[in-house]
């Protein structure tokens, strides 16, 4: 499953991803959550959080600006 969200505070990417993943983790083998800054939906995501049953949550930062 791939989810794209816009957020006021991209530093909360992990918390945002957890709120999306937890109710669905029994249904999917992996979920990617791309977190964009509010208003920059077409731009490269600022953060990506990947969840898998084996690896748990892994956050990648694409941009700190």
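The values are calculated or read from the model by the stated rules, or taken from the named source; none is laboratory data. For clarity, every value in this text was computed on a predicted model and none was experimentally measured. Positions of Cβ are generated from backbone atoms using ideal geometry, with glycine treated the same way; all protein chains shown enter the neighbour counts.
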Inset, instruction - Could you check how many residues of the range 24-46 are touching a strand residue (DSSP E or B) at 6+ places or on another chain (Cβ under 8 Å) and without any contact (Cβ under 8 Å) to a residue 12 or more places away in the chain? - result: 1
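Scanning the range 12-23 for residues that are free of Cβ contacts under 8 Å to residues at least 24 places away in the same chain and within 14 Å of residue 59 (Cα to Cα), which turns out surrounded by the fewest Cβ atoms within 10 Å (Cβ to Cβ)?
Pass one, the range 12-23, residues free of Cβ contacts under 8 Å to residues at least 24 places away in the same chain: 12, 15, 19-20, 22-23.
Going one step further and asking which of them are within 14 Å of residue 59 (Cα to Cα), we end up with 12, 15.
Values: 12: 14, 15: 11.
Going through the qualifying residues, I end up with 15.
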Inset, instruction - Hey, can you tell me all the residues within the range 20-46 that are part of a strand (DSSP E or B), at pLDDT below 95 and under 13 Å from residue 1 (Cα atoms)? - result: none
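Say whether the condition of being assigned to a helix (DSSP H, G or I), touching a residue at least 12 places away in the same chain (Cβ under 8 Å) and more than 10 Å from the chain's Cα centre (by Cα) is met by at least one residue in the range 47-65. Outline the logic, then answer.
Taking the range 47-65 as the starting set, the residues that turn out to be assigned to a helix (DSSP H, G or I) are none.
Within the range 47-65, none of the residues are assigned to a helix (DSSP H, G or I), touching a residue at least 12 places away in the same chain (Cβ under 8 Å) and more than 10 Å from the chain's Cα centre (by Cα).
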